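The values are calculated or read from the model by the stated rules, or taken from the named source; none is laboratory data. What you are looking at is a predicted structure, and each value in this text was computed from that prediction instead of being measured. Cβ placement follows ideal geometry from the backbone for every residue including glycine, while neighbour counts extend to all protein chains displayed. For the accessible areas, the whole protein counts, side chains as well, though only heavy atoms, and no ligand, DNA or RNA atoms are used. Shrake-Rupley method; radii C 1.70, N 1.55, O 1.52, S 1.80 Å.
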Amino acid sequence: MIHESSANIHGDARGCGDRLRDARTAAGLSVQEVATRLRMPVHVVQALEEGRWQVIGASVFVRGQLRSYARLLGVDVEPFLDAEIAPTAPVDLVSHSHAPRYQRLMENMGRRAVYVVITAAIVVPVWLATRSHFSDVAPTTASLDAVPPEAAMPAQGGPLPPPAAPSAAPAADAGPYVASLAPPVNRSPAAGKLVLDFGGESWMQVVAPDGTTVEQGLMRAGDNRTFDLGAGLRVVLGNATAVRVQQAGSIVDTAPYQRANVARFTVSSDGSVTPAE
């Protein structure tokens, strides 16, 4: 069956085929030898020499095979191609599908809606998680260990007690309450106490004025000791820089009493700290 694209090939074009056959004969080549060198079927070589383009197909294939045959024999066939074979016309592309205008509008709106939803899904959680950091009011911390006193239960059969008077309303600018697991801090420790907090290993000796050893030994990091001053105490601390000394709630600077990182001082009953004798 002849392909419709061969319709753009016109004329007998025997002049081109005759010239190729004459050149092959002059070169002493047979049709079989030409077919072998060009790697073409024998019937295609014969069709090229006889001008039967229909058996080859479209003009683009005819032109390519004629040029290959001509290069093998050293023959110029370009004038014959322009005169006898019509140039290949590009195929017109025709769109067989058309999207209505409303369909395109709906698709555009759908894409924009998806973009808005994705943006909201990313931005809203971030805003909710960070808005507390932009608040001007610091949160109020309440310890979970502070348990409110239980309300007095009425006697069996007795009248209900009157409701307790409401406490003072919080300030309008008070921040949100944040629960805390830390115990409430005692900001006013009792006077007359000596507190030693050990941030690292330290050797400690505490002696009473009468020469009695109250406590001595190697303390570990995180240990703490509290002593009643009474008549006064004489304290020796090894690795003194790792020990925090508090007296009546005030931090005692042991640097004046240190020598080779060993602090020796005396705390009297009234809380005064002096170098140990």
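A few points about this structure:
- Criterion violated by P41 - all others in (1) exposed (fewer than 14 other Cβ atoms within 10 Å of the Cβ); (2) modelled with pLDDT under 80; (3) closer than 15 Å to Q65 by Cα satisfied: (2)
- Top-ranked residue in region 208-217 [being at pLDDT 90 or above and open to solvent by less than 80 Å² (accessible area, probe 1.4 Å); ranked as nearest to T241 (Cα to Cα)]: G217
Yes or no, residue by residue, for (1) open to solvent by 20 Å² or more (accessible area, probe 1.4 Å); (2) in contact with a Pro (Cβ under 8 Å, 6 or more places away or on another chain); (3) within 16 Å of S202 (Cα to Cα); (4) not basic (K, R):
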position	(1), (2), (3), (4)
G238	no, no, yes, yes
A248	yes, yes, no, yes
I251	yes, no, no, yes
N261	yes, no, yes, yes
T266	yes, yes, no, yes
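- A single entry from A47, A35, A23 fulfils the requirement of being touching a Phe, Trp or Tyr at 6+ places or on another chain (Cβ under 8 Å), open to solvent by less than 90 Å² (accessible area, probe 1.4 Å), at pLDDT 80 or above and assigned to a helix (DSSP H, G or I): A47.
- Taking region 202-252 as the range and being part of a loop (DSSP other than H, G, I, E, B) and aliphatic (A, V, I, L, M) as the test, the residues that pass are A208, A221, L229, A231, A248.
- Within region 54-70, considering residues that are surrounded by fewer than 19 Cβ atoms within 10 Å (Cβ to Cβ) and aliphatic (A, V, I, L, M), the one nearest to P41 (Cα to Cα): V55
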